[in-house]
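**Q** Before I ask anything, let me first share the structure, which is written out below as structure tokens.
The values are calculated or read from the model by the stated rules, or taken from the named source; none is laboratory data. This one's a predicted model, so the numbers in the text were calculated from it and none came from an experiment. Glycine also receives a Cβ, built like all others from the backbone with ideal geometry; neighbour counts cover every protein chain displayed. To get the accessible areas, we keep the full protein, side chains included, count just its heavy atoms, and leave off ligands, DNA and RNA. Shrake-Rupley method; radii C 1.70, N 1.55, O 1.52, S 1.80 Å.
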Amino acid sequence: MSNMESLESQLTEKERQARVNAQALSSIEAENTKREAGGYAVMAAALGYGEGALGDGRFGKVSHAAKLFCILFAMLVPSLLVWHVLL
């Protein structure tokens, strides 16, 4: 009987290990799928922002005004700093 019991315990241990292995593999697969979905979401947001910023709508106009403000600020600040330091 001990031979039979040993065989049964080996089979149940193999089944348990197979279940643990399957759970681990599915967990890894779920994590990879989640990471991939996050990447797709970032790319979709970036493309949506780019198309919205280049469009003729309100967001496009605000984006264009912000770009002009940054350019103007970058051109004026050095002059203002020189005036402040020298005068």
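**Q** If I build a Gaussian network model for the chain, linking alpha-carbon pairs within less than 10 angstrom, which residue out of GLU29, GLU51, GLU15 has the largest mean-square fluctuation?
**A** So, out of GLU29, GLU51, GLU15, the one fluctuating most is GLU15.
**Q** Please determine, in degrees from 0 to 90 and to the nearest 10, the orientation of helix 58-86 with respect to the longest principal axis defined by the Cα atoms of the chain, where the helix direction is its Cα long axis.
**A** Once rounded, the angle reads 60 degrees.
**Q** Report in % the part of the accessible area of the chain that belongs to carbon and sulfur, leaving out ligands and nucleic acids; probe 1.4 Å.
**A** After summing per-atom areas, the C and S share lands at 68 percent.
**Q** Which entry is the computed semi-axes √(5λ) of the Cα gyration tensor in Å for this structure: (1) 17, 14, 12; (2) 43, 18, 10; (3) 67, 20, 5?
**A** (3)
**Q** Any idea of the accessible area per residue across the chain, 1.4 Å probe, to the nearest Å²? Display every interim value, and only then the final one.
**A** Values: 7970 Å² over 87 residues.
Roughly 92 Å² per residue, with all protein chains present.
**Q** Something else about it: Measure nothing fancy, just the Cα-based angle from helix 2-54's long axis to the longest principal axis of the chain, in degrees from 0 to 90, nearest 10.
**A** 10 degrees
**Q** Lys/Arg Cβ at +1, Asp/Glu Cβ at -1, dipole of the chain taken about the Cα centre: which of ILE71, TRP83, SER26 is farthest positive-ward?
**A** The residue sitting farthest along the positive end of the dipole is TRP83.
**Q** Still on this structure, I have one more. Can you give the extra length, in nm with one decimal, that the chain gains between LYS34 and PHE73 once fully stretched, where that is 0.36 nm per residue apart less the Cα-Cα distance?
**A** Gain in length upon complete extension: 9.9 nm.
**Q** Picking from ALA53, ALA18, ALA45, which is most flexible by a Gaussian network model of the chain using Cα springs under 10 Å?
**A** In this elastic network of the chain, the residue with the biggest mean-square fluctuation among ALA53, ALA18, ALA45 is ALA18.
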